[in-house]
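FYI, it's all coordinate maths here, none of it is from the lab. These numbers come from a predicted model, not from an experiment. Methodologically, a virtual Cβ is constructed for each residue, glycine included, from the backbone with ideal geometry; neighbour enumeration extends over all protein chains shown.
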């Protein structure tokens with residue numbers, strides 16, 4: 001019995017050796033395969049390195065010497081990642097894109113108001129215009145000085161118009177980017193929902209095995225989505241991920257998606273949101289039921305992602321009658337430029353008409369019609385200018401609606417800086433002299449009288465009320481330009497700091513996440529060497545086992 | 001043990017290279033332009049920089065205007081100096097003529113020079129600067145003194161009279177800004193400056209030529225009559241002596257006052273120029289401090305970023321060669 005027993009044990013040991021060695025060969029091959037795949041995907045964005053989980057093989061064989069073991073088995077191949085770090089990375093990516101989406105647009109404003117920009121020349125053009133008036137006041141009948149006033153006035157109007165139009169173009173660019181980004185969000189949410197379906201299907205079928213590659217792809221898509229909007233995710237038990245905006249609206253719910261839409265005429269408004277360029281801005285909405293839209297603009301603007309950043313730059317409003325009622329960075333700057341245009345259309349035109357607070361009758365030297373200001377300035381032809389005589393607008397006609405003879409009734413439902421123009425083209429038609437005969441209907445003037453030119457020139461040293469829809473400031477004209485420059489500088493600097501801060505945060509979390517999931521080729525090569533060595537050892541074991549059996553066979 | 005995957009290693013290096021490139025470009029821009037502020041975000045003082053640049057432009061404009069006004073006032077001063085000389089010479093003639101040893105014929109000969117002096121004075125009063133009558137106020141396209149005639153005589157120099165044409169605008173004067181705090185009034189009332197002097201010369205010339213002028217005091221009104229000699233010889237002498245007083249009054253009070261005013265305006269221009277020069281210096285100092293680049297410092301940064309960039313390239317090239325694969 002002892003012999004039988006020993007013989008039985010011997011054959012059992014050989015089988016065990018062979019079995020263990022064989023399982024080791026398989027395990028090391030699997031490790032080599034995973035290391036190869038890791039190296040192959042070392043540069044694949046969003047790839048999480050894989051590791052083979054090995055476990056001691058167990059058996060239902062309850063014979064003696066269980067302690068000898070049954071070899072090794074491949075328990076699983078898993079992705080190495082960190083969901084908390086990934087979540088933080090999504091949040092920081094949203095924040096970074098919130099700031100970086102505005103960066104290039106704000107840098108355009110920075111350049112616009114920089115030393116070589118049109119807006120940067122604003123102060124110089126204003127000064128040149130008033131200097132030309134000071135020169136004309138010295139020698140008002142000089143056609144050279146008069147021509148200079150026309151040239152500088154036209155340049156000033158052009159500069160204000162171009163500056164405003166550049167702001168309008170930046171707003172339009174932001175709006176176009178929003179349309180583009182909304183489209184990208186819809187593409188991404190659609191892809192995420194498709195992957196949700198595939199992951200749930202695969203994992204249901206394969207039980208213990210995860211759809212590693214699909215999960216990697218979905219994580220990469222979520223990271224791309226975070227560039228556009230800020231969201232929360234919830235993973236369900238079947239492996240699907242739902243994507244919720246900050247107000248709880250689900251863009252992705254399992255395999256279903258809710259599309260974002262960019263519309264100028266959603267169901268909740270009667271008139272489109274006016275843009276600085278005269279067109280319409282788009283609301284970002286979702287359509288929960290046919291024809292019933294919910295505005296997401298405010299929610300997105302206050303959260304993160306590039307769409308939020310672009311909305312903050314471009315501006316949003318529940319409703320607005322003027323493009324300047326919209327609340328956004330670029331609109332805030334545009335209001336100041338608009339106030340300059342309105343100053344030239346009102347105060348400057350009023351002084352040009354001969355209004356002078358030092359004169360009797362409330363500034364009206366020729367009170368022909370009671371309650372109506374009668375012009376007292378005269379050009380070299382003996383004519384007096386109309387209500388909007390020096391600066392006017394193209395495209396719309398400004399009228400003295402209340403009939404008081406003063407240019408003080410500008411419309412508030414339209415922008416005027418984009419339409420500003422200098423009206424006088426004939427030097428002799430510049431009304432620089434004052435009517436010296438107060439009798440209504442009788443004009444007497446001296447061609448060398450530069451009283452009106454001097455009064456106009458003095459405007460830049462005085463405080464005035466500068467106003468535009470949602471903006472009011474009392475001070476000098478140079479203060480308004482300074483205010484604009486300060487605001488642009490602050491916007492750009494603040495954005496630059498926020499972008500740098502967010503960028504550092506994204507870099508930090510990317511690095512931390514990469515430390516966990518990234519492929520280190522040296523590490524993989526070390527694993528390959530290690531696996532190769534163990535593979536060789538397992539091969540040796542098979543040979544040894546073979547030798548053992550052969551020895552026994554030779555005995556027989 | 002912290003893992004360092006390849007993506008981090010290369011990403012960090014690339015990020016460093018981008019930063020060095022940015023620093024290099026920035027330093028190169030500062031060195032080549034001589035400025036370090038180009039846009040509102042470059043400095044919190046950008047609005048002040050713009051304001052100071054605008055101030056320099058204003059100062060340039062003020063300076064140009066001051067130079068132009070200096071030319072103008074030099075011309076006016078010369079005009080008044082000549083008028084003063086005319087009156088001094090006229091007074092000499094009047095003093096000579098008042099001597100009762102001269103008979104009416106000798107006095108009549110002196111009248112020719114007096115009328116010539118009067119015509120010269122009228123030319124001075126009607127002179128133009130850059131096409132504008134300087135003594136016409138805002139009525140600058142019209143000669144301030146118009147030629148009229150006396151009833152007696154009907155012809156000849158003694159019949160000529162010149163009267164200030166008080167058209168609208170002759171008492172309107174333009175004020176020119178020559179600094180932020182100073183403005184200068186350009187022009188003066190031609191009537192107040194020259195009327196009495198021209199009137200005095202006319203009275204003297206007509207008296208020497210043998211005609212009385214009405215009224216006996218004040219500005220001539222264009223009437224008068226011929227003296228009858230020898231009866232009216234004392235009246236002629238009296239008229240010549242009165243003319244001496246009138247000439248002196250016109251010279252001292254009208255021409256002289258105006259010269260004083262012009263002199264004070266020239267002084268005002270000098271003060272304004274000094275003030276704006278101080279303003280200019282302050283603005284230039286501010287701009288040098290806040291806007292202009294420190295070339296040495298920028299050049300150092302340029303060199304430093306260049307070296308760092310080269311070092312980054314070398315490290316990247318070396319690291320890309322380092323791998324376990326080479327040792328297997």
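Observations, loosely collected:
- Here the contact order of chain A, divided by its residue count and restricted to Cα pairs under 8 Å and six or more residues apart, works out to 21 percent.
- Cα gyration tensor shape for segment A:210-350, rounded if a/c is under 1.5, else prolate or oblate: prolate
- Relative contact order (%) - criterion: Cα under 8 Å, at least six apart; region: segment B:53-283: 26 percent
- For segment A:83-103, backbone nitrogen atoms closer than 20 Å to the point 7 Å from residue A:183 Cα along Cα-to-C-beta are found at A:101-102.
- Once you divide the Cα radius of gyration of segment A:127-279 by 2.2 N^0.38 Å, the number left is 1.91.
- The three principal axes of the C-alpha atoms in segment B:1-140 carry coordinate ranges of 131, 27, 21 Å, sorted with the longest axis first.
- Calculated diffusion of segment B:115-155, Stokes-Einstein form, Kirkwood radius summed over Cα pairs, 37 °C and 0.692 mPa s, µm²/s: 289 µm²/s
- With the simple model of a label 7 Å out from the Cα in the direction of the Cβ, residue B:223 to residue B:44 spans 8.3 nm.
- Semi-axes of the equivalent ellipsoid for segment A:442-512, Cα gyration tensor, largest first, Å: 52, 12, 8
- Partner shielding of A:472-479 amounts to 1, given as the average count of beta-carbon atoms from other chains within 10 Å of each residue beta-carbon.
- Fully extending the segment from residue B:130 to residue B:56, taken as 0.36 nm per residue of separation minus the present Cα-Cα distance, adds 23.9 nm.
- Cα-derived Rg to Rh of segment B:237-277, Kirkwood definition: 1.41
- Other protein chain Cβ atoms within 10 Å, averaged over every residue that makes up A:448-454: 6
- Taking Cα atoms only, the orientation of helix B:295-321 departs from the longest principal axis of chain B by about 20 degrees.
- Between helix A:2-40 and chain A there is an angle of about 20 degrees, using the helix long axis and the longest principal axis of the Cα atoms.
- Binning the alpha carbon pair distances of segment A:467-506 at 5 angstrom intervals from zero yields the distribution 6, 20, 17, 18, 11, 11, 8, 7, 3, expressed in whole percent.
- Solvent-free Debye scattering, log10 I(q)/I(0), computed from the Cα coordinates of segment A:271-412 at q = 0.09, 0.14, 0.16, 0.21 Å⁻¹: -0.46, -0.76, -0.87, -1.21
- Distribution of pairwise C-alpha distances over segment A:129-183, 5 Å bins, in %: 5, 19, 15, 12, 9, 9, 7, 7, 6, 5, 4, 2, 0
- For the pair segment A:156-212 / segment A:118-152, the C-alpha centres are spaced 50 Å from each other.
- Across chain A, Cα-Cα distances exceeding 38 Å account for 54% of all pairs.
- Legend: ranking of residues A:391, B:115 from fewest to most surrounding C-beta atoms inside 10 Å; resulting order B:115, A:391.
- Per-residue mean of foreign Cβ neighbours for A:323-331 is 0 (Cβ atoms of other chains, 10 Å radius).
- Between the C-alpha center of segment B:230-287 and that of segment B:121-181 there is a gap of 17 Å.
- 0 to 90° range, to nearest 10: angle between helix B:190-209 axis and chain B longest Cα axis: 30 degrees
- Computed per residue of the protein assembly as shown from DSSP H runs no shorter than four, each worth -39500 (n - 2.57), the mean residue ellipticity at 222 nm is -19500 deg cm²/dmol.
- For chain B, the convex hull drawn through the C-alpha positions has a volume of 175 cubic angstrom per residue.
- Value of D in µm² per second that Stokes-Einstein yields for segment B:154-243, Kirkwood Rh from Cα pairs, at 10 °C (1.306 mPa s): 104 µm²/s
- Gyration tensor verdict on segment B:74-159 (Cα atoms; rounded if a/c is under 1.5, prolate if a/b is larger than b/c, oblate otherwise): oblate
- Hull shadow area, averaged, segment B:166-312 [alpha-carbon convex hull, nm²]: 15.3 nm²
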